[in-house]
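S.K.: The structure's right below; bear with me while I get my questions together.
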Amino acid sequence: MNVSLKVYRFNPETDKEPHYDVFAVEAEPNDRILDCLNKIRWQQDSTLSFRMSCAHGICGSDGLTINSQSALACQKLVKDYDFTKEILIEPLKYFRVVKDLMIDLNSFFERIKSITPQAVQTTVNLGKERIQSIRERSRFDDALKCILCGCCYSACPVMTEQDQEFIGPAAILREQRYIFDSRTEDDTKERLQIMKKSHGVWGCKSYYMCTVVCPKKIKVTEAILKTKKKIIQEQQSKIQQQAGEN
Ligand code: SF4
Ligand code: FES
């Protein structure tokens with residue numbers, strides 16, 4: 001059957017404004033949207049730019065806006081959409097477009113870097129194995145599934161409409177992973193400080209869109225709420241400690 005894809009096009013070197021091209025692609029209902037885009041690039045227009053790598057939901061490089069919702073092109077099938085009508089293919093929202101469907105992810109990775117996305121070596125139990133129970137590990141298991149695709153940034157109304165500087169769901173999720181890791185508890189206070197900054201965790205208004213679109217089905221909003229709760233608990237224990245001293 002023939003499927004129509006209406007694709008966002010923009011080449012900053014030659015175009016003043018973006019436009020859309022419509023391509024008719026021979027496809028089956030079980031074909032992926034990524035297969036359709038590859039067919040366009042291989043058979044109709046080799047200038048169409050988009051990113052892909054693994055084609056199996058692992059690398060996170062083919063995040064797109066498909067019929068107005070963020071998704072990975074390799075995870076979505078033609079039959080997931082009403083293919084009797086044009087399927088609208090656009091780049092992820094929020095990010096600057098480099099060309100066509102390719103976006104500049106620098107602002108995304110800058111945010112991830114800003115939360116110190118690695119365990120910091122401490123002097124506590126240095127040189128000793130830091131044993132962790134299954135239960136302790138389960139507190140941040142979900143966050144480890146993140147593939148840094150950026151779909152949650154594109155779907156978040158805070159990022160796209162209210163606060164361009166908001167640190168964003170994936171960065172908070174990553175910080176939550178270290179805050180709740182029993183092996184890195186000694187730097188929790190500093191990590192909570194980062195989350196408390198303006199445009200930090202309190203910027204989240206719990207729209208739940210990050211959770212809705214996340215291709216790895218991570219409960220992103222729940223992780224953000226747990227981080228907020230941890231900050232409140234930390235402040236309460238500080239107040240109780242001060243009251244005890246007076
Ligand atoms: Fe992608 Fe989900 Fe990670 Fe956001 S939380 S970057 S949507 S995998
Ligand atoms: Fe790697 Fe889709 S191409 S996640």
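Please treat every number below as a calculation from the coordinates, not as lab data. Values in this document were obtained by computation on a predicted structure and should not be read as measured data. Every residue, glycine among them, receives a Cβ derived from its backbone with ideal geometry; neighbour counts consider all protein chains shown.
S.K.: Determine Rg/Rh for the stretch 106-245; Rg is computed over alpha-carbon atoms and Rh is the Kirkwood hydrodynamic estimate from the same atoms.
M.R.: My calculation of the ratio gives 0.99.
S.K.: Next up: Compute the Rg/Rh shape ratio of the stretch 167-246: radius of gyration over Kirkwood radius, all on alpha-carbon atoms.
M.R.: Values: Rg = 13.9 Å, Rh = 13.4 Å.
Ratio value, two decimals: 1.03.
S.K.: A further question follows. So, in nm, how far is label MET52 from label LEU225 when the simple model puts each one 7 Å beyond its Cα toward the Cβ?
M.R.: Distance between the two pseudo-spin positions: 3.7 nm.
S.K.: Using the beta-carbon distance between THR116 and ASN246 and R0 = 45 Å, what value does 1/(1 + (r/R0)^6) give for FRET efficiency, to the nearest 0.05? Each step should come with its number before you reach the end.
M.R.: Details: r = 34 Å, r/R0 = 0.76.
Taking R0 as 45 Å, the efficiency between THR116 and ASN246 is 0.85.
S.K.: Grab the eigenvalues of the alpha-carbon gyration tensor for the stretch 2-103, scale each by 5, take roots, and send me the semi-axes largest first in whole angstrom. All intermediate terms of the calculation are to be shown ahead of the outcome.
M.R.: On the way: eigenvalues 78, 49, 32 Å².
Semi-axes from the Cα gyration tensor: 20, 16, 13 Å.
S.K.: Further question on the same structure: Taking the Cα centre of the stretch 118-246 as origin and charging only Cβ (+1 Lys, Arg; -1 Asp, Glu), how large is the dipole, in debye to the nearest 20? Could the numbers behind the result be given before it?
M.R.: Values: 22 positive and 16 negative charges, 72 e Å.
Here the size comes out at about 340 debye.
S.K.: With r as the distance between the Cβ atoms of LYS197 and ASN106 and R0 = 22 Å, compute the FRET efficiency 1/(1 + (r/R0)^6) and round to 0.05.
M.R.: The calculated FRET efficiency here is 0.65.
S.K.: Given R₀ = 51 Å, FRET efficiency for ARG183-LEU88 by Cβ-Cβ distance, to 0.05?
M.R.: 0.70
S.K.: Take the Cα atoms of the chain, build their convex hull, and give its volume per residue in Å³.
M.R.: Once divided by residue count, the hull of the chain is 156 Å³.
S.K.: Can you compute 3J(HN,Hα) from phi for each residue in the stretch 76-93, using the Karplus curve 6.51 cos²θ - 1.76 cosθ + 1.60 with θ = phi - 60°, rounded to whole Hz and x for Gly and Pro?
M.R.: Taking θ as phi minus 60°, the curve returns 9, 9, 4, 6, 6, 10, 6, 7, 7, 10, 5, 9, 8, 10, 9, x, 4, 6 Hz for the stretch 76-93.
S.K.: Give the lysines reachable from LYS230 as a straight Cα distance under 30 Å; neighbours fewer than 8 places away on the same chain don't count.
M.R.: Partners found: LYS113, LYS128, LYS145, LYS189, LYS196, LYS197, LYS205, LYS216, LYS217, LYS219, LYS238.
S.K.: Order of 166-176, 233-243 by packing, highest average Cβ count within 10 Å first?
M.R.: The densest-packed peptide leads the list: 166-176, 233-243.
S.K.: Using modelled amide H (1.01 Å from N, peptide plane; none on Pro or chain starts), what sits under 5 Å from the amide H of SER61, excluding residues fewer than 5 places away?
M.R.: Close amide H contacts, sequence-distant or interchain: SER53, CYS54.
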